[in-house]
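Inspection log for the structure reproduced underneath, given as C-alpha cells.
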Amino acid sequence: MEVGLTLGDGEFEGMRMTWLRWCDREGNLLPTGAERAAQAETKAARLAARLQELGVDPEEVENGV
C-alpha cells in the first residue's frame, strides 16, 4: 500500500495534540474515518444545493421519485 507514519496536529477524542498519522508515500496525511465522514457530508450538502439551484428536489432524487 506504500503508507507510512508521520506527525500531525489535530484533535482526537477531545484531546488536541500532535499525533502519529498515516500518510502516503509523498507525506500527505490520509484522512481519518471522522474526516472522511465530514468530507462526505460537505459534498452531499453541496450536491443538494446544486440540485435545488437546478429546480430538483434532492429528497425526490434520494427516494427515487
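Laboratory data are not the source of any read-out in this text; all were calculated from the coordinates shown. The model shown is predicted, which means the values in this text are computed figures rather than measured ones. Here Cβ is always computed from backbone atoms with ideal geometry, including for glycine, and neighbour counts include all displayed protein chains.
Quick notes on this one:
- Computed about the Cα centre, the dipole magnitude for the chain is approximately 240 debye when only Lys and Arg (+1) and Asp and Glu (-1) carry charge, each at its Cβ.
- The slack between Glu35 and Cys23, meaning 0.36 nm per residue of separation minus the straight C-alpha distance, is 2.9 nm.
- The chain, relative contact order [Cα under 8 Å, separation at least 6], %: 21 percent
- Whole-Hz ³J(HN,Hα) from phi, Karplus 6.51 cos²θ - 1.76 cosθ + 1.60, for segment 11-26, glycine and proline x: 10, 9, 6, x, 10, 9, 6, 8, 10, 6, 10, 6, 9, 8, 5, 8
- Structure-derived volume of the Cα convex hull per residue in Å³ - corresponding label in [x] 142; [y] 107; [z] 122: [x]
- Residue by residue, segment 43-51 carries 3J(HN,Hα) couplings of 5, 4, 5, 4, 5, 5, 5, 5, 4 Hz when phi is fed to the Karplus relation 6.51 cos²θ - 1.76 cosθ + 1.60 (θ = phi - 60°); x denotes Gly or Pro.
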